[in-house]
Amino acid sequence: MHKVWLLMGCVSAIGNVAACSASESVDAADPRSAPQAQTTGYAQAPASGGRAAAAPAGAPLPAILDFMTMDVCVDGSGAVIPGMIPGDARCTRRRDIRAGETPPYMLHNFGYPGSRCGDSGTIDKTNMPVARGGVTRIVSSTIRRPGCSTRAAREELSDAPTAQDGASIQWADDRYGFIMGSYSPVSLSAFQSSLCRANPSSSRRFFRSWVIAPAQVPAAGESGVGVFDGAMAKGAANVKMGSCPTRFRQALTSWTVQPFTFKSNRTMRAIISSHFAQTAPDGLSPGNAMQMERTYWTREFGISRWEKWTREDFARKDGKSVATLGSQLAARGRCSAPQLPTITYSSALRESAVGGGEAYLRELSNPRTGERHHWVMTLCEDYSNARPASVASRQVPASALASDLYWKP
């Protein structure tokens, strides 16, 4: 029977649903497929309550970290096997890659038809732990492949050797996994939450703003929603350590755990997380939100796919039709259609398939009110294109792409 992990939209004193009770009990996952808590491979992060403190030695880390970190295939002694990729028939043992290890394979997107780099895409990607001063974060790096992309760096970033590369920084506390910030040729963004008020000089100010899902991963088929507050700072110079934003906006995040078939034809169990720009007053649906970003996280690879969705009636400033953008994306064939079942996230949010059409569509409806809208996928990157690492790849350490702010105790 389908069960829903539903946090009832109540907001705690720190602006999220962490202190709220679930509306019904949740069955334990099948022990044969349940992610196991990791006790090695990471330096311990600050504890979740109050100011930063050392976690107990050997304490289990949140299970969601396993879905943020790429796996490596290992031999009987635990040594990494070069060139082998999780999911290969020969890969009979695997574990999370450890900080400082060299990835034996790279993740790539899928290239445009007829592009110079063909099926190997335009980027190299890794999802790795990076330790600094006894604190660990997961860094998802996106390294431009020379000659494959024509994207220009912004003027203020152009002097840096990594100006056209990017990254996002993830971690988890005892309640949620989250994205702390991101860096790209477009902008540097830090996602701050009202936890800043108790931790103005600590990296905990970046906890639980852009939430992915609960730290203890729901079982396959389970879904839920939560409301979280946030204030985005553009550029590291705009993050004033020691002081906090005066206002935080609330936004809805929904999550589900489903088997998903990626563009690579790999079928993997994924945490599918959707971050909406707004929330309804009841905290159970996106309300009048017009845009949403969706990420897919797998135990094999970490973040494995990113999508941007737009409501069909959104009026773009450039006048371009949402339907046209969706059709163009589907025609390029760089991402497969998102084949998902009907998903009930809350009593006021249900997602279902939409047949026909030239674009990738999903319908979001509110069973309480009967309101329903088509949503159109307008951007997508599928990173499941895994290939053995090449000596020709640009060697950019993941640690070179992220500010020290995200590791500050």
Exercise. Just how many % of Cα pairs in segment 63-394 lie over 28 Å apart, if you round to the nearest whole percent?
Worked result: 43
Problem set entry | Summed side-chain charge close to residue 92 - residues other than residue 92 whose Cβ falls under 13 Å, Lys, Arg +1, Asp, Glu -1 | +1
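Which FRET efficiency value, to the nearest 0.05, is calculated for residue 198 and residue 339 with the Förster distance at 41 angstrom and r the Cβ-Cβ distance? Intermediate values should be presented prior to the final figure.
On the way: r = 43 Å, r/R0 = 1.04.
Efficiency, rounded to the nearest 0.05: 0.45.
By its C-alpha gyration tensor, with a ≥ b ≥ c as the square roots of the eigenvalues, how is segment 271-338 shaped: rounded for a/c under 1.5, else prolate for a/b larger than b/c, else oblate? Before the final figure, lay out the partial values.
Working: a/c = 2.95, a/b = 1.07, b/c = 2.76.
Note, shape of segment 271-338 comes out oblate.
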Exercise. Between residue 132 and residue 314, how many nm apart are label points set 7 Å from Cα along the C-beta direction?
Worked result: 3.2
Problem set entry | Burial ordering of 249, 94, fewest other beta-carbon atoms within 10 Å first | 249, 94
For this session: Would you pull out the residues with amide H under 5 Å of residue 349's amide H, same chain only if 5 or more places away, H placed 1.01 Å from N?
Result: none
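Read-outs throughout are calculated quantities, based only on the coordinates presented, and are distinct from any laboratory measurement. Computed from a predicted structure; not experimentally measured. So basically every Cβ, Gly included, is an ideal-geometry build from the backbone, and we count neighbours across all protein chains shown.
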